[in-house]
Amino acid sequence: MSMHAVVAGWMLGPNAYSGANRRLICLLREAGDWLQPRERITVLHHPEMHAPKRFEHVAWHAVDIPRGPTWRRAIAEQRRLRPLLRQLGATVYDHGFLPTPRVGVPLCLTVHDVRDADGYSRRPKLLARAILRRSLRRAAGVITVSEWTASRLRELAPGCEPTTVPNGVYEREPGQRPRDIPPNGYVLHVGHLEPRKNLEVVIKALAMIDVTRRPELWLIGQDAGEWPKLRALAERLGLQAYVRHLGTISDFVIDAYYEDARLVVIPSRYEGFGLTALEARVQGTRVAVANAGALPEVVDDGALLPVDDAAAWAEAIDAPPQEDLSVIRRRAARAAACSWSQSSRRWLDALRSVSSSRP
């Protein structure tokens, strides 16, 4: 039986910056190389989004499902998806949000992390775990992005057997160079500004470094309400000139920021993967991450630091680069081996397996 995979993509859009959206676009971009004869992909997108023309192997279908709030989106999905999937002739439906709707065809659920169920959101933990377990029961297949997330799912929902399809990277030439690089360079963080990112520890670490050697901290990503608090902390420590929020930056430019950074930091208390660590390593840049979540799995032999130890972070930031060029190249090659092409192949294999199952 040929596969027709219908993919939920109404969170996509020109201003929708997130790791989940970047992952979906990258998987779709590479899928054409792995589709078999008579296999199809249709992406359901929000009417406000203009369907990309560069994916010739993907069909795009507008559906008026709101992006939020969650309860409104979930109600719309439950009402509209079942008849639409029947109309399109879907054999498998790929869904990346919670809760999962009843759709009448085999559903494959992608779980990027279980932060709500682990208490890293405003939603009550018990409610989040109930929603997660109910959603997993409705799914014919489950995909995760890291072995760490897969292990958390097995602990939270015994009997769940997820398939791990990790994120990947592209090897690209860096674009336009950053302007006005400070004399002591800059430490870079890429990602949403939110509490679980634990960026306060890096600001406190900067205050421990002598001003003659102190680099700046550059923050790239959307502000999820955390920037005013971070800015206030920097002002209290006399670091207002050393902490900069640059907002969001195009993927065509971001690699140059990675390459010129003195160090890329990921001090998160919780990460389901940690894509920026791979992206930085492809550019040959040192990375320091918190010893938490899936970060040790992604970085393996990198600098793993205690989550809240500002002194340890200060030492890592202040340390001069001492790694041999061969070590840098080996790490870059290992990161580059995590390709989006292979991730897309594994994603399609998982969808084929679910497509052949019963709803």
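The values are calculated or read from the model by the stated rules, or taken from the named source; none is laboratory data. Just so we're clear, the structure is a prediction, and the values are computed from it rather than from any experiment. Cβ placement follows ideal geometry from the backbone for every residue including glycine, while neighbour counts extend to all protein chains displayed.
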Sort out which residues of segment 78-97 are part of a loop (DSSP other than H, G, I, E, B) and either touching a Gly at 6+ places or on another chain (Cβ under 7 Å) or farther than 18 Å from Ser146 by Cα (or both), and write them in order of number. Gly89, Ala90, Thr91
Would you mind stating whether Val43 is of a type in the set (Val, Ile, Thr) and in a loop (DSSP other than H, G, I, E, B)? no
Single residue of segment 223-251 satisfying the filter (under 17 Å from Asn198 (Cα atoms) and assigned to a strand (DSSP E or B)) that is nearest to the chain's Cα centre (by Cα): Asp223
Could you check how many residues of segment 135-153 are out of contact with any Cys (no Cβ under 6 Å at 6 or more places or on another chain) and farther than 12 Å from His112 by Cα? 6
(1) under 22 Å from Val307 (Cβ atoms); (2) charged (D, E, K, R); (3) outside the structural domain of Ile131 (by TED's automatic domain parsing) all hold for Glu147 apart from (3)
By residue number, the members of segment 105-138 that are in contact with a strand residue (DSSP E or B) (Cβ under 9 Å, 6 or more places away or on another chain), farther than 23 Å from Ser18 by Cβ and not charged (D, E, K, R) are Val105, Pro106
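Does Tyr170 satisfy the criteria of being in contact (Cβ under 8 Å) with a residue 60 or more places away in the chain, surrounded by 20 or more Cβ atoms within 10 Å (Cβ to Cβ) and among the aromatic types (Phe, Trp, Tyr)?
Details: in contact (Cβ under 8 Å) with a residue 60 or more places away in the chain: yes; surrounded by 20 or more Cβ atoms within 10 Å (Cβ to Cβ): no; among the aromatic types (Phe, Trp, Tyr): yes.
No, not satisfied.
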Taking segment 301-335 on its own, how many of its residues are within 18 Å of Ser146 (Cβ to Cβ) and modelled with pLDDT under 75? 4
Can you tell me which residues in segment 265-288 are modelled with pLDDT under 95 and more than 19 Å from Ser18 (Cβ to Cβ)? Arg281, Val282, Gln283, Gly284, Thr285, Arg286, Val287, Ala288
Can we say Thr100 is surrounded by 18 or more Cβ atoms within 10 Å (Cβ to Cβ) and part of a strand (DSSP E or B)? no
